[in-house]
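The structure under discussion is supplied below as structure tokens; questions concerning it will follow.
The values are calculated or read from the model by the stated rules, or taken from the named source; none is laboratory data. The structure presented is a predicted model; accordingly, all values stated were derived computationally and were not measured. Glycine gets a Cβ as well: all are built from the backbone with ideal geometry, and neighbour counts include every protein chain shown. Heavy atoms of the whole protein, side chains included, go into the accessibility calculation; ligands, DNA and RNA do not. Shrake-Rupley method; radii C 1.70, N 1.55, O 1.52, S 1.80 Å.
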Amino acid sequence: EAVFTPAGHGSRIVRRGSNVGHLYEQLGSLRGEHKRMEPLMVTLTEASEVFPLFQHAGTEFLHMLEGVMVYSHGESRYEMHPGDSLQFDGEGPHGPAELLELPIRFLTITAFGAVEAP
């Protein structure tokens, strides 16, 4: 199974934060036993607000493409610029804490453990 997503054609999905100006674009999604990761392009613009923190299963990788923000994970805060990356345990509370230079665009990939077949 393979999923090809042409530039600019990722599925827009509704997530926590969508109602405060966070745009989530799904860049690929396999199903069943092969769904072990979730890649998203996240865009924050002038309409975006800082949102309460997220927590979920899996390991997350975040890579900044545009803008500047302070991203928090647990008790730590990271000022992130284009080219910076952050990898962390998704179960720790995390999310954008300050939006410093808009627009902000980052790639986030959440990896999950092996999915057991039904």
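Please go through the stretch 42-89 and give me each residue that is of a type in the set (D, E, K, R) and assigned to a strand (DSSP E or B), ordered by number. Give the steps one after another, and end with the answer.
Kept after step one, since they are of a type in the set (D, E, K, R), are these residues of the stretch 42-89: 46, 49, 60, 66, 75, 77, 79, 84, 89.
Of everything in the stretch 42-89, those that are of a type in the set (D, E, K, R) and assigned to a strand (DSSP E or B) turn out to be E60, E66, R77, E79, D89.
Still on this structure, please answer the following. Here are the criteria: (1) in a strand (DSSP E or B); (2) without any contact (Cβ under 8 Å) to a residue 60 or more places away in the chain. Tell me which single one G92 does not satisfy.
(1)
Another question about this same structure. Within the stretch 30-85, how many residues turn out to be of a type in the set (S, T, Y), open to solvent by less than 70 Å² (accessible area, probe 1.4 Å) and closer than 21 Å to P103 by Cα? Please lay out each step first, then the result.
If we filter the stretch 30-85 for residues that are of a type in the set (S, T, Y), which is where we start, we get 43, 45, 48, 59, 71-72, 76, 78, 85.
Among the residues that remain, those that are also open to solvent by less than 70 Å² (accessible area, probe 1.4 Å) are: 43, 45, 48, 59, 71-72, 76, 85.
Then keep just the ones that are closer than 21 Å to P103 by Cα; that gives 43, 45, 48, 71-72, 85.
The qualifying residues number 6.
List pairs: first in the stretch 45-68 and farther than 9 Å from I104 by Cα, second in a strand (DSSP E or B) and at pLDDT below 80, Cβ under 7 Å, 6+ apart or cross-chain?
S48/H22; F51/H22
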